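Here is the structure we will look at, set down as structure tokens.
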Amino acid sequence: MYKSILVPIDLAHRDIGQAMIRRAVALSDDNAKITLLHVIGDIPAYAQSYLPEGQLQENLEETQESLKELSETIDVEADVVVRYGSPSPVILDEADERDIDLIIIASHHPGIKDYLMGSTASRVVRHADCSVLINR
């Protein structure tokens, strides 16, 4: 079983996130550490100037609260991390920083865009230094 599990969650798909958290609990050792991660896409500098002051911090806090609520619905104690950036590099960086044993990541059925550019899950699978479980 695993001692440190990273679960990147897209809050637009909470039901999938709940299923992945349950799977993380099932695969974890006693005293395992589960980390829930949400990546907020970068906002270009030119667009940031149009946002109200403090909006980025407010978005960060709301997202952290949503992740905490999601983990509480399953009664799991987990670290909650929210970062800005591009999803696959942030997921891989977080896995390295936290010495993660397993990443559980959601994937969808690929469309034409994914064949040309690749999906987040496929980039994580190709570049991760730990095991990766794809949740379809």
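Okay, residues lined up against (1) among the polar types (S, T, N, Q); (2) free of Cβ contacts under 8 Å to residues at least 12 places away in the same chain; (3) touching a strand residue (DSSP E or B) at 6+ places or on another chain (Cβ under 9 Å); (4) surrounded by 12 or more Cβ atoms within 10 Å (Cβ to Cβ):
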| residue | (1), (2), (3), (4) |
| --- | --- |
| E53 | no, yes, no, no |
| L60 | no, no, yes, yes |
| Q64 | yes, no, yes, yes |
| L70 | no, no, yes, yes |
| I74 | no, no, no, yes |
| A78 | no, no, yes, yes |
| R83 | no, no, yes, yes |
| P87 | no, no, yes, yes |
| I91 | no, no, yes, yes |
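If I filter segment 65-78 for residues that are closer than 19 Å to D99 by Cα and modelled with pLDDT of 90 or more, do I get at least one hit?
Scanning segment 65-78, I find at least one residue that is closer than 19 Å to D99 by Cα and modelled with pLDDT of 90 or more, so the answer is yes.
Residues of segment 1-50 being assigned to a strand (DSSP E or B) and without any contact (Cβ under 8 Å) to a residue 40 or more places away in the chain, which ones?
The answer is S28, D29, D30, N31, A32.
Looking at Y2, is it over 14 Å from Y84 (Cα atoms), at pLDDT below 90 and either surrounded by fewer than 15 Cβ atoms within 10 Å (Cβ to Cβ) or in contact with a helix residue (DSSP H, G or I) (Cβ under 8 Å, 6 or more places away or on another chain) (or both)?
no
The values are calculated or read from the model by the stated rules, or taken from the named source; none is laboratory data. Bear in mind the structure is a predicted one, so any value in this text is a computation, not a measurement. Quick reminder, even Gly has a Cβ in these numbers, built from the backbone with ideal geometry, and neighbours come from all protein chains shown.
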